[in-house]
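Structure record follows, encoded as structure tokens.
The values are calculated or read from the model by the stated rules, or taken from the named source; none is laboratory data. Source: prediction; values computed, not measured. Cβ sites come from the backbone with ideal geometry, for glycine too, and all protein chains shown count toward neighbours. Ligands, DNA and RNA are excluded from the accessible area calculation, which covers all protein heavy atoms including side chains. Shrake-Rupley method; radii C 1.70, N 1.55, O 1.52, S 1.80 Å.
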Amino acid sequence: MPVKHRLTAPAPGWTTTTDVVVVGSGVAGLTVALNVRKAGLRAMVVTKAMLDDGSTRWAQGGIAAALGEGDTPEQHLDDTLVAGAGLCDEDAVRTLVTEGPDAVRRLIATGAAFDRGEDGEILLTREGGHHRRRIAHAGGDATGAEISRALVSAVRSDPGLELIEHALVLDLLTDADGHAAGLTLHVMGEGQHDGVGAVRAPAVVLATGGMGQVFSATTNPAVSTGDGVALALRAGAAVTDLEFVQFHPTVLWLGPEAEGQQPLVSEAVRGEGAHLVDADGVRFMVGQHELAELAPRDIVAKAITRRMQEQGAEHMYLDGRHFGAAMWEQRFPTILASCRAHGVDPVTEPIPVAPAAHYASGGIRTDRHGRTTVPGLYACGEVACTGVHGANRLASNSLLEGLVFAERIAADLTGRHRAEDLPERSVDVTAARAAQPVPLPPSEARAEIQRLMSRGAGVLRSAASMADTAAGLTMLAEQAYAHVAEEKPADPRVETWEAANLLLVATALVAAAAQREETRGCHWREDFPERDDARWQRHLITHLTAAGDPVSTPEER
Ligand SMILES: Cc1cc2nc3c(=O)[nH]c(=O)nc-3n(C[C@H](O)[C@H](O)[C@H](O)COP(=O)(O)OP(=O)(O)OC[C@H]3O[C@@H](n4cnc5c(N)ncnc54)[C@H](O)[C@@H]3O)c2cc1C
């Protein structure tokens with residue numbers, strides 16, 4: 001099926017070709033690129049900002065894998081299935097947990113240095129929902145920064161790998177059979193390629209990360225605007241589980257007006273024994289769950305939100321004073337520095353914390369080889385929904401998922417094609433021109449979308465709250481159409497393309513969340529407080545209609 005919708009953008013002014021074009025330079029994208037290069041394919045990585053701008057660099061706690069004595073993939077599988085609340089794809093989880101340990105060892109061979117004890121063994125910590133110490137970490141609480149450093153250094157030392165930074169990918173191009181044939185992109189700044197162009201490639205891999213920026217308060221960096229999901233929807237691909245947004249329970253509270261990326265206080269701080277307390281110093285998680293503060297994230301986020309509501313408080317506290325200065329400095333140097341930079345000293349005072357949008361458990365639907373429902377279009381990392389997270393991601397499974405499924409995409413591509421026989425695909429230019437241009441909202445729409453989403457589709461959701469949010473989003477879309485009709489359209493540029501992507505993803509997310517009339521995993525409905533397996537133990541699959549509206553259909557059982 002040819003692409004039916006595209007962002008409003010000038011026609012490509014330049015074209016280049018490669019075998020595999022990878023969009024995004026986090027753990028997922030760079031792992032695909034390194035692996036297809038090893039097999040001799042030509043590859044190009046296109047990324048929106050600098051190579052290390054993405055969530056990967058910010059990951060603190062670590063990467064989960066059954067590496068410790070006595071731990072097994074089967075136990076990791078059990079914990080993952082419990083967190084996923086009945087919606088994990090068990091085969092996908094089995095793939096993750098069995099291939100995970102070796103994938104981490106290969107990451108170490110690529111150059112990532114994990115923290116080790118005096119005996120040389122990798123140190124492992126615990127996080128919420130894990131019954132064992134199985135989280136490998138680096139630099140204390142700077143795991144993502146070390147993984148990113150190692151992968152960026154590896155890709156930079158391959159002169160055959162083309163890297164295009166500061167380039168926003170817009171839309172997919174297909175051939176006459178509807179097979180991926182490349183993409184359009186906008187390169188910012190001066191260089192060999194400039195302005196809107198096209199990359200022709202028979203394999204396109206989306207590794208664009210999350211969509212936390214659809215909410216006002218998020219741990220995600222500014223680049224996490226859901227571009228990959230929006231592109232996939234416009235390209236006709238199936239997207240699933242969008243309603244399952246994980247809100248991290250312990251994000252440093254910076255005041256009622258704080259917006260954008262906010263500092264995370266990793267679950268590993270609770271893993272090492274910090275307590276969640278209210279303003280009276282009461283440990284309110286004790287007695288709510290057998291793991292108390294280390295219960296799965298959704299349970300902790302809900303308990304914090306509930307306590308905040310009961311007490312009319314804007315935040316709770318995380319108390320790690322008993323760690324002492326030396327432990328804070330050695331084990332959590334990044335968190336210590338970021339709290340102190342905001343005027344909070346965890347050594348001497350409890351840290352004010354509140355939940356914020358953290359992780360998209362859903363995304364572009366893929367099989368276990370990372371293939372989407374559009375032939376030739378792959379997805380991996382946070383943008384993908386492989387089925388491993390179900391209704392709620394288990395802590396530290398995401399870096400692992402990015403690694404494992406990126407390797408599988410590379411294996412799928414290189415197993416089927418030798419460097420010299422990857423079939424060429426000609427872009428169907430007529431279809432590309434015929435695709436309907438989506439009108440662009442003004443750049444200010446971003447903040448309005450975030451406010452609407454946080455108010456009505458955040459940790460607490462109800463039919464009424466989401467109807468308000470949906471109405472606000474519809475109005476923003478109608479205004480964009482009206483501006484086109486009045487011949488006053490917003491300029492096509494990065495801010496307006498991102499706003500269009502945020503608007504589409506937010507609309508799709510709210511539509512799915514409104515439809516799912518139950519509480520499950522990280523989707524919490526105040527008006528449907530129970531899990532309803534009879535009706536809802538199934539996925540919602542989202543597509544765009546011919547008119548460009550997202551619709552979600554419950555999967556057949
Ligand atoms: C603060 C924080 C802490 C976390 N801690 C952990 C942890 O301890 N353990 C764990 O497992 N997970 C953790 N996570 C989640 C994990 O970091 C992410 O899920 C994972 O890094 C995602 O990797 P990725 O490669 O899919 O995407 P990212 O690393 O987000 O990379 C996405 C890339 O796509 C690019 N991009 C996006 N849109 C476009 C476009 N239109 N055109 C071109 N390029 C584009 C971006 O610039 C970026 O390079 C954490 C996340 C955050 C935010």
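With θ set to phi - 60°, apply the Karplus curve 6.51 cos²θ - 1.76 cosθ + 1.60 along segment 393-405 and write out the HN-Hα couplings as whole Hz, x wherever there is a Gly or Pro.
6, 6, 3, 6, 7, 7, 4, 5, 4, x, 5, 5, 7
Calculate, in nm to one decimal, what Thr17 and Ala258 gain on full extension: separation in residues at 0.36 nm each, minus their alpha carbon distance.
Residue separation times 0.36 nm, minus the Cα-Cα distance, leaves 82.4 nm.
How much solvent-accessible surface does Cys380 expose, in Å² to the nearest 10, with a 1.4 Å probe and all protein chains in place?
0 Å²
Please list Leu81, Leu161 in order of solvent-accessible area, largest first, computed with a 1.4 Å probe with all protein chains present.
Leu81, Leu161
For segment 1-138, just run the numbers: alpha carbon Rg, then divide by 2.2 N^0.38 Å, N being how many residues it has. Don't jump to the answer; show the numbers that get you there.
On the way: Rg = 19.0 Å, N = 138, 2.2 N^0.38 = 14.3 Å.
Against the compact-globule rule of thumb, the ratio is 1.33.
How would segment 192-248 be classified by its alpha-carbon gyration tensor: rounded, prolate or oblate, with rounded meaning a/c under 1.5 and the a/b versus b/c comparison settling the rest? Walk me through the numbers before you get to the answer.
Working: a/c = 2.86, a/b = 1.54, b/c = 1.85.
Oblate.
Compute the distance in nm between two label points, each set 7 Å from the Cα along the Cα-to-Cβ direction, one at Val429 and one at Val494.
According to this spin-label approximation, the distance is 3.0 nm.
For segment 182-246 and segment 63-104, write down the distance between their C-alpha centroids in whole Å.
Value for the Cα centre distance between the two parts: 28 Å.
Mind checking segment 246-312 for GluC sites (Glu not before Pro) that DSSP puts in a loop (not H, G, I, E or B) and that have at most 10 other Cβ atoms within 10 Å? Working shown, then result.
Numbers: sites: Glu257, Glu259, Glu267, Glu272, Glu290, Glu293, Glu310; in loops: Glu257, Glu259, Glu272, Glu290.
Sites meeting the loop and neighbour criteria: Glu257, Glu290.
Taking only protein heavy atoms and a 1.4 Å probe, what accessible area per residue, in Å², does the chain have with all protein chains in place?
About 37 Å² of surface per residue is accessible.
Any idea what angle helix 463-485 forms with the longest principal axis of the chain, computed on alpha-carbon atoms, 0 to 90 degrees, nearest 10?
30 degrees
Choose one of Gly271, Ala295, Gly260: the residue whose Cα lies farthest towards the positive end of the charge dipole of segment 244-311 (beta-carbon charges +1 Lys, Arg; -1 Asp, Glu; about the Cα centre).
Ala295
Sequence-distant or interchain residues sharing an amide H contact under 5 Å with Ala203, placed H: which?
The answer is Val21.
When the helix-only estimate is applied to the chain (DSSP H runs of n ≥ 4, each -39,500 (n - 2.57), divided by the residue count), what is the mean residue ellipticity at 222 nm, nearest 500 deg cm²/dmol?
-10500 deg cm²/dmol
Tell me, what are the semi-axes, in whole angstrom and largest first, of the equivalent ellipsoid of segment 147-246 as set by the roots of 5 times the Cα gyration tensor eigenvalues?
Value: 24, 21, 14 Å, ordered largest first.
With a/c under 1.5 counting as rounded, go ahead and sort segment 308-453 into rounded, prolate or oblate using the C-alpha gyration tensor (a ≥ b ≥ c being the square roots of the eigenvalues; past the cut-off, prolate if a/b is larger than b/c, else oblate). Could the numbers behind the result be given before it?
Values: a/c = 2.94, a/b = 1.77, b/c = 1.66.
In terms of gyration-tensor shape, prolate.
Just in segment 106-136: which GluC sites (Glu not before Pro) are loop by DSSP and have at most 15 other Cβ atoms within 10 Å? Let's see the in-between values first.
On the way: sites: Glu118, Glu121, Glu127; in loops: Glu118, Glu121, Glu127.
Passing sites in segment 106-136 are Glu118, Glu121.
Grab the beta carbon distance between Val282 and Asp177, set R0 = 60 Å, and tell me the FRET efficiency rounded to 0.05.
The formula returns an efficiency of 0.45 here.
For segment 414-477, treating each Cα as an identical point scatterer without solvent, what Debye log10 I(q)/I(0) comes out at q = 0.28 1/Å?
Normalising to I(0) and taking log10 leaves -1.12.
Which of the lysines could a cross-linker span from Lys488 if the Cα-Cα distance has to be under 29 Å and same-chain partners fewer than 8 positions apart are dropped?
Lys4, Lys48
For Phe528, Phe215, what's the largest-to-smallest order of accessible area, 1.4 Å probe? Walk me through the numbers before you get to the answer.
Numbers: Phe528 70, Phe215 5 Å².
Reading off the accessible areas and sorting them downward yields Phe528, Phe215.
Taking only Cα atoms, what is the 0 to 90° angle, nearest 10, from helix 494-515's long axis to the longest principal axis of the chain?
On a 0 to 90 degree scale, this one is about 60.
What nm distance separates the two modelled labels at Asp468 and Ala485, each placed 7 Å from Cα along Cα→Cβ?
It works out to 2.8 nm between the two label points.
On a 1.4 Å probe surface of the protein chains, which of Ser426, Ser465 comes out largest in accessible area, and what is the full order?
Ser426, Ser465
In whole Å, largest first, what are the principal axis extents of the Cα atoms in segment 457-515?
38, 21, 14
Regarding the chain, what's the average projected area of the Cα-atom convex hull, expressed in nm²?
Numbers: hull surface 97.3 nm².
About 24.3 nm², averaged over all directions.
Can you list residues whose amide H is under 5 Å from Leu173's amide H, if they're 5+ apart or on another chain and H is modeled 1.01 Å from N?
Here the answer is Ala181, Gly182, Leu183, Thr184, since their amide H atoms fall under 5 Å of that of Leu173.
With charges only on Cβ, +1 for K and R and -1 for D and E, what is the dipole size of segment 1-70 about its Cα centre, in debye, rounded to 20? Walk me through the intermediate numbers first.
Details: 7 positive and 4 negative charges, 67 e Å.
Value, rounded to 20: 320 debye.
Between Val438 and residues 5 or more places away or on another chain, which pairs have amide H atoms under 5 Å apart, with H built 1.01 Å from N, and which residues are they?
For Val438, whose amide H was placed from the backbone, the distant partners under 5 Å are Arg6, Leu7, Thr8.
When the accessible area of segment 57-186 is split by element with a 1.4 Å probe, what percent falls to carbon and sulfur? Before the final figure, lay out each step's value.
Details: 2400 of 4960 Å².
The C+S portion of the solvent-accessible surface of segment 57-186 is 48 percent.
For segment 200-303, what number results from the quotient of the Cα radius of gyration and 2.2 N^0.38 Å?
In units of the 2.2 N^0.38 Å rule of thumb, it is 1.38.
State, to one decimal in nm², a quarter of the convex hull surface area for the C-alpha atoms of segment 293-352, i.e. the direction-averaged projected area.
In nm², the orientation-averaged hull projection of segment 293-352 is 4.7.
Tell me the carbon and sulfur percent of the accessible area for segment 394-550, rounded to whole percent, probe radius 1.4 Å. Working shown, then result.
On the way: 3600 of 6860 Å².
The computed percentage sits at 53.
Let's see if you can work this out: charge +1 on each Lys and Arg Cβ, -1 on each Asp and Glu Cβ, no other charges. What is the dipole magnitude of the chain about its Cα centre, in debye to the nearest 20?
Numbers: 50 positive and 74 negative charges, 115 e Å.
The calculation lands at about 540 debye.
Can you work out ³J(HN,Hα) from phi for every residue in segment 138-143, in order, using Karplus 6.51 cos²θ - 1.76 cosθ + 1.60 and θ = phi - 60°, giving whole Hz and x for Gly and Pro?
Those phi angles translate into 9, x, x, 10, 10, 4 Hz.
Test of understanding: extend the Cα→C-beta vector of Arg535 to 7 Å, then name every residue of segment 483-521 with backbone N under 18 Å from that spot.
510-521
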